1. Exactly one condition in (1) touching a residue at least 40 places away in the same chain (Cβ under 8 Å); (2) touching a Gly at 6+ places or on another chain (Cβ under 6 Å) is false for M109; which is it?
2. In this structure, is D37 in contact with a Leu (Cβ under 7 Å, 6 or more places away or on another chain) and either modelled with pLDDT of 95 or more or of a type in the set (V, I, T) (or both)?
3. May I ask you to list pairs of residues, at least six apart or on different chains, whose Cβ atoms are under 8 Å apart, with the first in the range 50-61 being under 13 Å from N80 (Cβ atoms) and the second being charged (D, E, K, R) and assigned to a helix (DSSP H, G or I)?
4. Can you find, within the range 82-91, the residue that is surrounded by the fewest Cβ atoms within 10 Å (Cβ to Cβ) among those that are in a helix (DSSP H, G or I) and not aliphatic (A, V, I, L, M)?
5. Could you please find all residues in the range 92-131 being open to solvent by less than 60 Å² (accessible area, probe 1.4 Å), under 18 Å from F76 (Cα atoms) and charged (D, E, K, R)?
6. Of the numbered conditions (1) under 17 Å from the mean Cα position of the chain (by Cα); (2) open to solvent by 80 Å² or more (accessible area, probe 1.4 Å); (3) modelled with pLDDT of 95 or more, R79 fails exactly one; give the number of that condition.
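The values are calculated or read from the model by the stated rules, or taken from the named source; none is laboratory data. Please read these numbers as outputs of a predicted model, since none were measured by experiment. Every residue, glycine as well, gets a Cβ built from its backbone with ideal geometry; the counts of neighbours run over all protein chains shown. In case anyone asks, the SASA skips ligands and DNA or RNA and just uses the protein heavy atoms, side chains included. Shrake-Rupley method; radii C 1.70, N 1.55, O 1.52, S 1.80 Å.
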Amino acid sequence: MNPELAKSIHERHSRIFRDPDDSPADPPRYCSLYCGDGWYTLIDVLCEELQRLTDRQGAPQAVLTDVKEKYGSLSFHVRNTSNEQDAMIDLVETLSMRICEVCGAPGVMDERPGVWVTVRCDAHRKNAQQS
């Protein structure tokens, strides 16, 4: 993810990037977001909803440990989650398999032989085939 978008996620959801055992004086940890910009909204909304469950319903404070693309889908790893938070994460990871990782448009899993498994919209799949 481009650094500006990653910074936005970190700033908007700083409590998800902070271990509850850390001192309030400690800066939030930086967790790399190893995925395309097209999944920004998925990650942003997921973080917002995980925090909402913590703030309004007493769910544990989720602590993000790793975000990446793996086998064409979003892989979102956290510690300290409830069953409801885990279900949200599962749903977003599943949705990512239908959203272009480049631009966020509807996409399909591209599993051509010899090509890294990706999710791309028609335009980005055509661009990849021409390269």
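1. For M109, the exception is condition (1).
2. Details: in contact with a Leu (Cβ under 7 Å, 6 or more places away or on another chain): yes; either modelled with pLDDT of 95 or more or of a type in the set (V, I, T) (or both): yes.
Judged against the criteria, D37 is a match.
3. Within 8 Å, the pairs are Q51/R15; L53/E84; T54/R15; A59/E84; Q61/R15.
4. Filtering the range 82-91 for residues that are in a helix (DSSP H, G or I) and not aliphatic (A, V, I, L, M), the one surrounded by the fewest Cβ atoms within 10 Å (Cβ to Cβ) comes out as N83.
5. Once the filter is applied, which keeps residues that are open to solvent by less than 60 Å² (accessible area, probe 1.4 Å), under 18 Å from F76 (Cα atoms) and charged (D, E, K, R), the range 92-131 yields E93, E101.
6. Only one criterion in (1) under 17 Å from the mean Cα position of the chain (by Cα); (2) open to solvent by 80 Å² or more (accessible area, probe 1.4 Å); (3) modelled with pLDDT of 95 or more is unmet by R79, namely (3).
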